[in-house]
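The values are calculated or read from the model by the stated rules, or taken from the named source; none is laboratory data. Since the model is a prediction, treat every value here as computed from it, not as a measurement. Virtual Cβ from ideal backbone geometry, glycine too; neighbours counted across all protein chains shown. Just the protein is used for accessible areas: all its heavy atoms, side chains included, with ligands, DNA and RNA removed. Shrake-Rupley method; radii C 1.70, N 1.55, O 1.52, S 1.80 Å.
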Amino acid sequence: MLSRLERAKQFLPFDALKGLHVALHEKEVEHVDKYELSFEQKEEISEKLQILGNGENIIITYYMNKTYNTINGRVLYVNPIKKVINVSKIEIPFINIYNIEIL
């Protein structure tokens, strides 16, 4: 005789094609081309990156994986040598930043 747990296991959903659900979801996402920033926009982003300190709250819009993403988070670090900023454990290259709003 099967235990209650063993009987329940036979009715669990079965994913025969692991990762299919994720792949289908990625196809649903609309991919966009990266916008070219004007010289003034690049200067504004550069100035903001220079005054940002660790722990500051910002809203940042960036381009990654063929989509634009916006997050509200805390700056963990700005690395001018590697040209990256880390916001809420997401490392974003300077070149992919579209907008920064300091809160």
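Could you give the Stokes-Einstein D for region 39-103 in µm² per second, using the C-alpha Kirkwood radius, 37 °C, 0.692 mPa s?
283 µm²/s
Going by accessible surface with a 1.4 Å probe and the largest first, F39, F94 read F39, F94.
Remark: accessible surface ordering of E47, E56 (largest first) is E47, E56, probe radius 1.4 Å.
Placing +1 on the Cβ of each Lys and Arg and -1 on the Cβ of each Asp and Glu in region 54-102, which of Y68, G55, I81 has its Cα farthest towards the positive end of the resulting dipole? Of the candidates, I81 comes out farthest on the positive side. Between E36 and K89, the distance separating the two model label sites (each 7 Å from Cα on the Cα→Cβ line) works out to 3.8 nm. The packing ranking of peptides 64-71, 31-38, highest mean first, is 64-71, 31-38, where packing means the average number of other beta carbon atoms within 10 angstrom of each residue. When the surface is traced with a 1.4 Å probe over the full set of protein chains, S46 keeps roughly 50 Å² accessible.
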